[in-house]
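First comes the structure, then the notes that go with it.
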Amino acid sequence: MLENCKYPIIQAPMAGGISTVALATAVSENGGLGFLAAGYKTAEALETEIIAMEQAGVLYGVNVFVPTLETDKQEEVEAYKTILEKDWQMKLELPAWSDDEWEEKLALLKHYKVPAASFTFSCPSKEIISDLQENGTYTIVTVTDEKEALIAQQAGANAVCLQGIEAGGHRASFENTDPIGNKPLIDLLADVLETVEIPVIAAGGIMDGEQIKELLQAGAAAVQLGTAFICCEESGANPIYKRALIEQQFTNTKLTRTFTGRLARGLENDFMQRYEAVAPAAYPTLHFVTQLIRKQALIKENPQAMSMWAGVGFEKVRALTVKELMQQLKTEAGLL
Ligand SMILES: Cc1cc2nc3c(=O)[nH]c(=O)nc-3n(C[C@H](O)[C@H](O)[C@H](O)COP(=O)(O)O)c2cc1C
C-alpha cells in the first residue's frame, strides 16, 4: 500500500471538519496519501465522504477512533460542568458515553473495501485487523511508544503510525494518561524501529521537507503531517483558526485536557490556562461538555475559547494549495 503512493507523505486525518474530501483528494492526486477522519462524525456522514473518495478514484485512508471505556469520573465531570456553566453563563450538555458508531464505521470500511484504515486511541482486536486485511485494507495502528507498537505488531497490523510528543491534536496513547518523558520523535523512532519489524510511519511536528528527509533517512517508511495542511485552501479549518496560525496570534502550543478530557496539543489560549487544574481525564465526555462553549466562541470569533489543535512546528505553517505545498515538501525533501 505505502509502496503504491508515489511519495511517502501522508496527510494526517484531522477530525473536526479539517480533513475534507477536497483535502484528502488533493493530497492523493499529488502523489501522497490523503486521509478522512471518521472521529465525531456519524457513520452516515462518513459514508458520503467515502463515496466521494471512491468517485475521485484515488488512494485514500479512513481513520477511526477505537472506543475506550473511561473510568467513572461522574463527580469530577459534574464539578467541572458546574464551573463552566457559571463562568460562561450557559447550560451545558452531559451526554451518555458514546462509542462514536464504532460498529457502523467498521462495517463501512468493509463494505467499501477502503484502501487503508488507521486506528487511534487503542489497538483493534486481531480478528478485526485480519478481517480488514482479507478484504484488501492496509491496516495501521497509531502508537506513541515501543510498548504500543509491539501490541500493534502482535495484533497483526500492517504498519504503525508513531506519534511523537510534538504532534498536534490528541495523544493517541492507548491509555488516557500523561506521557512519560519528552523524547523527540527522531529518538522515539529509533527505539520503535529496534522493537518492531513492521513499517513505521513517523508523525509529530513535521513541517518541511528537511525534516521529512531526516526521518526517512532514519528509517521511517513514510511521514504523516497534520498541522502543515491546516492552512491549505482545501482544508476545512475555520477562518479564525487558520488566521490564528498564519498571523501567529499565539506563541506556544501546549498539551491540555481542558477541552475534551484527553491530552491534546493546541495553541495555548486563555481557556487552557484557566481550566487546566480542574479538567478531569474524562474522554470523550468533556468533548461534549465543552462543545457549546467552543461553538459560541467560533460565532463570536473568540480564539481564546476555541480548541485549535496544532503541533510544535506551527510557526512554519504555509497558506498554500495542496498542490503547491506538496511540491515544496517534495522539493525540500529531495524526493523529486
Ligand atoms: C487539528 C488536528 C486534528 C487531528 N485529528 C486526528 C484524528 O482525527 N485522528 C488521528 O488519528 N489523529 C488526529 N490528529 C493527529 C495527527 O494524526 C498527527 O499525529 C499529528 O497531526 C502530527 O503532528 P503535526 O500536527 O505536528 O503534524 C489531529 C491533529 C490535528 C492537528
Report summary line: THR48 passes all but one of the listed conditions (1) without any contact (Cβ under 8 Å) to a residue 40 or more places away in the chain; (2) surrounded by fewer than 16 Cβ atoms within 10 Å (Cβ to Cβ); (3) within 30 Å of PRO280 (Cβ to Cβ); the exception is number (3)
Query raised in the report: Within the range 288-312, which residues are within 14 Å of the ligand (Cβ to nearest atom), of a type in the set (A, V, I, L, M, F, W, C) and touching a helix residue (DSSP H, G or I) at 6+ places or on another chain (Cβ under 7 Å)?
Result: MET306, MET308, ALA310
Query raised in the report: Among the residues of the range 208-242, which ones are in contact with a helix residue (DSSP H, G or I) (Cβ under 8 Å, 6 or more places away or on another chain), open to solvent by 30 Å² or more (accessible area, probe 1.4 Å) and outside any loop (DSSP other than H, G, I, E, B)?
Result: GLU210, LYS213, GLU214, LEU216, LYS242
Report task. Would you tally the residues in the range 23-46 being part of a helix (DSSP H, G or I) and either more than 16 Å from the ligand (Cβ to nearest atom) or hydroxyl-bearing (Ser, Thr, Tyr) (or both)? Result -> 5
Report task. Please verify whether the range 176-192 includes one or more residues that are farther than 28 Å from THR256 by Cβ, more than 16 Å from the chain's Cα centre (by Cα) and more than 16 Å from the ligand (Cβ to nearest atom). Result -> yes
Query raised in the report: Which one is modelled with the highest pLDDT among residues in the range 270-303 that are part of a loop (DSSP other than H, G, I, E, B) and within 20 Å of the chain's Cα centre (by Cα)?
Result: THR290
Report task. With respect to GLY334, determine if the residue is open to solvent by less than 50 Å² (accessible area, probe 1.4 Å) and in contact (Cβ under 8 Å) with a residue 40 or more places away in the chain. Result -> no
Report task. Could you tell me which of the residues GLY39, GLY61, GLY34, GLY17 is under 24 Å from GLY205 (Cβ atoms), surrounded by fewer than 19 Cβ atoms within 10 Å (Cβ to Cβ) and either in contact with a helix residue (DSSP H, G or I) (Cβ under 7 Å, 6 or more places away or on another chain) or not aromatic (Phe, Trp, Tyr) (or both)? Result -> GLY17
Query raised in the report: Which residue pairs have Cβ atoms closer than 9 Å, lie 6 or more positions apart in sequence or on different chains, and pair a first residue in the range 100-116 that is farther than 21 Å from TYR283 by Cα with a second residue that is of a type in the set (Val, Ile, Thr) and open to solvent by 50 Å² or more (accessible area, probe 1.4 Å)?
Result: TYR112/ILE51
**Report entry** Boolean, LYS330 is part of a helix (DSSP H, G or I) and not β-branched (Val, Ile, Thr)
**Finding:** yes
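Filter the range 243-252 down to residues that are part of a loop (DSSP other than H, G, I, E, B) and on the phi < 0 side of the Ramachandran plot and give me whichever is surrounded by the most Cβ atoms within 10 Å (Cβ to Cβ).
Ranking the qualifying residues of the range 243-252, first place goes to PHE250.
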Requested in this report: Could you tell me whether ILE180 is touching a residue at least 24 places away in the same chain (Cβ under 8 Å), in contact with a Lys or Arg (Cβ under 8 Å, 6 or more places away or on another chain), of a type in the set (Val, Ile, Thr) and open to solvent by 10 Å² or more (accessible area, probe 1.4 Å)?
Outcome: no
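Residues checked against (1) surrounded by 17 or more Cβ atoms within 10 Å (Cβ to Cβ); (2) of a type outside the set (A, V, I, L, M, F, W, C); (3) in a loop (DSSP other than H, G, I, E, B):
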site	(1), (2), (3)
PRO67	no, yes, yes
LEU94	no, no, yes
TRP97	no, no, yes
LEU106	yes, no, no
SER118	yes, yes, no
Query raised in the report: Could you say which residue among GLY57, GLY17 is more than 13 Å from the chain's Cα centre (by Cα) and modelled with pLDDT of 95 or more?
Result: GLY57
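The values are calculated or read from the model by the stated rules, or taken from the named source; none is laboratory data. Nothing here was measured: the structure is a model prediction, and the numbers come from that model. For neighbour counting, all protein chains shown are included, and Cβ atoms are generated from backbone atoms with ideal geometry for every residue, glycine included. Keep in mind that these areas ignore ligands, DNA and RNA; they rest on the heavy atoms of the full protein, side chains included. Shrake-Rupley method; radii C 1.70, N 1.55, O 1.52, S 1.80 Å.
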